[in-house]
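Worksheet: the structure to be examined is printed underneath.
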Amino acid sequence: MRASFGRVWVVLAKEVVDNLRDRRSLLAALVYPMLGPVLMIGLLAIVGRTLDERGDRLLTLPMIGAERAPDLVAFLTNQGANIVDGPPDLVAAEAAVKAGDLDVVVVVPEGYRTLLAEGRPATVRLVLDASRTDSAVDIGRAARLLDGYSRQLGAQRLLARGVDPAVTEALAVERVDVATPQSQAARLLNLLPYFLIFSVFIGGMYLAIDATAGERERGSLEPLLINPVARWELVAGKLLATMLFTVLSVVETLVAFALLLRYVPLEESLGVRLSLAPSSFFVIFAIAAPMILLAVPLQFIVATFTRSFKEAQNYLSFLPLAPALPGMVLAFLPVKPSVATMLVPTFGQQILINRVLRGEFVDPWHVAISTGVTIGLGIVLLAIAVRLYARERILFGT
Amino acid sequence: MIEARNLHKRFGDVIALDGVSFRCEDGRITGLLGPNGAGKTTALRILCTVMHPDEGSATVDGFDTVRAPREVLSRIGALPDQRGLYPRLTARENIRYYGRLHGMRGLPLERAIERLIHLLDLEDAVDRRTEGFSQGQRTKVAIARALVHGPRTVLLDEPTNGLDVMSTRAMRHFVLRLKDDGCCVLFSSHVMQEVAALCDDVVLVGAGRVVASGTPDALRAQTGRPDLEDAFVAALGSAEGLE
């Protein structure tokens, strides 16, 4: 047994040294895992700004024809808006909004006062570009302020006629938002499982290909097999080397994520402090680790059936998509954990990781089921990978 | 010593070996001669345990290639049909990897590597990555890694394929040296002159069968032709594939 592990170790060490000298293997294991967190933080920063609807920021509102509506200006200023002179005319205003120089412009047309005095609806234009998500906040605030002024005037008119303004309000809709700041932010953090899946399936990909299809393509497989090493020892060494690269890549994703959360000032854009205890990352790693045991033998099996490095690369690049798609959906439609979902490898893990991120209770029983099923399937795949190498057809590909 | 008894092997409809038997003695060079596609590589692959015969058996020093592959593998050194190296490893690292797979380590391993590097005249290239090596250098490294554990039985599949004149000469000297050391050398070739110049025994194969075997002199006597090339052609029934 000791001699056995000795040979496994020899194969493992060779594959690690060999692939540490390979640019593609290093890129996949060390650089790609960084892309996810960086992308996600960028996304958080952008989305966070548009979500910031709490209105404690001063709203700057360019206005055309402010002199025609002093009461409106007084109301808006009173409500905390900073009224500035807008572009000279409507055409210029449209151009400025279209170009994205201004988010929204309020236009008070001529005849505003006359209509208002006659008690008819007085037109006020809002020049806006609804396709710009980053303007959506200011547009919404401007529209609500104008609506508020309209209702205030309307109520005064009703009162002047002896009618209770409340009769015009048939419904009193109250919103009770139970989302905690943490869970709102977690909606975006939910992308983490998605990136973890990619690390699991991409981190060791090139090593897996190099050790299987690559070995055969460069003609080094046949001489390798003419060594007094059992096939399972060869496969074990290669699998372990691939797992090592994969673990490295998953850990890097988590560390990068933790560091970015810690050092990128997200509370400014999100208004929420994303707090994840360092221990959460260990829990996430423990939940994610069994997927590595599943992914690596799967990569080996797929790569073993291909005829060349390129072909293997084509197939393996698509491998993460199947488990990652449900992860994408989960980011926006959280699924409640159940025994049934835990039985699906990678899906169960993603749900559990989401719960950790949301600061929710994680049922140890669910973790046990998910881990058990995934490891069980991983062992089956492992056995298949070893068997594939025991056949003599391995020399030619299948 | 190598013994092949009645080896049969087919791939789908193609019969690669159709009852091949031969013996290779220690301290002698045995040439497996035949045109391309005669079954030489398949026979060597069975001896190297990477293929199993459909029928018949082969032994190395009495160990069966199917039942005791580990014993066989630790006793042979082989230059197979495919001889790819690891391009990102240096020549020395390539050789060392195989030594370690044979359970060697430390000083004895490094000494064995040095000896082969010297014998094969690889000193200049040994610490360079094998990426960009010439065909001759590649073959030398492939031989060095196959022999690093000092096997007594050596199987070489077309060792001079793709080599220039100088490398071919060096290879011949090396094979003769192995014989002087008492090794059992089996080497396959489709080049008649090469076999005639080196081999003590010749096994002539064609279409998966042994057509004739014996010392070059015995073969001449058997076919009644004084010239070895004529003898081969007569035995094979056609000159196809022989140079």
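Values in this text are rule-based calculations from the coordinates and carry no lab data. Everything numeric here is computed off the predicted structure, so don't read it as measured data. Cβ placement follows ideal geometry from the backbone for every residue including glycine, while neighbour counts extend to all protein chains displayed.
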Applied in sequence order to the stretch A:105-112, the curve 6.51 cos²θ - 1.76 cosθ + 1.60 (Karplus, θ = phi - 60°) yields integer Hz couplings, x standing for Gly and Pro, of 10, 9, 10, 9, x, 4, x, 4
Here the percent of antiparallel bridges among DSSP beta bridges lying wholly in the stretch A:57-168, to the nearest 5, is 35 percent
What helix-only [θ] at 222 nm does chain A give? Using -39500 (n - 2.57) per DSSP H run of at least 4, over all residues, to the nearest 500, the answer is -20500 deg cm²/dmol
For chain A the mean separation of alpha carbon contacts under 8 Å (6+ apart) over residue count, i.e. relative contact order in percent, is 21 percent
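Taking every residue in B:48-56, how many Cβ atoms of other protein chains lie within 10 Å of its Cβ, on average?
Mean shielding by partner chains, rounded to a whole number: 2.
Ignoring everything except DSSP H segments at least 4 long, calculate the 222 nm mean residue ellipticity for chain B; use -39,500 (n - 2.57) per segment, divide by total residues, nearest 500. Show your work: numbers first, answer last.
Values: 9 runs with 93 residues, N = 243.
When only DSSP H runs of four or more count, the value is -11500 deg cm²/dmol.
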Assertion target for A:Ser280, A:Ser317, ordered by fewest C-beta neighbours within 10 angstrom first, is A:Ser317, A:Ser280
Computed over the stretch A:57-168, the relative contact order (Cα-Cα under 8 Å, seq sep at least six) in percent reads 24 percent
If each part is reduced to its alpha-carbon centroid, the stretch B:69-129 and the stretch A:336-384 end up apart, in Å, by 45 Å
Relative to chain A, whose Cα atoms define the longest principal axis, helix A:278-305 and its Cα axis are tilted in degrees, nearest 10, by 50 degrees
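Taking every DSSP beta bridge that has both residues in chain B, what percent is antiparallel when rounded to the nearest 5? It would help to have the intermediate numbers written out before the result.
Details: 21 of 39 bridges.
The answer is about 55 percent antiparallel.
Explain nothing, just the number: dipole magnitude of the protein assembly as shown about its Cα centre with +1 on each Lys and Arg Cβ and -1 on each Asp and Glu Cβ, in debye rounded to the nearest 20.
Details: 67 positive and 68 negative charges, 235 e Å.
Charge dipole of the protein assembly as shown: 1140 debye, to the nearest 20.
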Cβ-Cβ cut-off under 13 Å around B:Leu109, Lys and Arg +1, Asp and Glu -1: the net charge is +4
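Rounded to the nearest 5, what is the percent of antiparallel bridges among the DSSP beta bridges in chain A? Show your work: numbers first, answer last.
Values: 4 of 11 bridges.
Of all bridge pairs located within chain A, approximately 35 percent are antiparallel.
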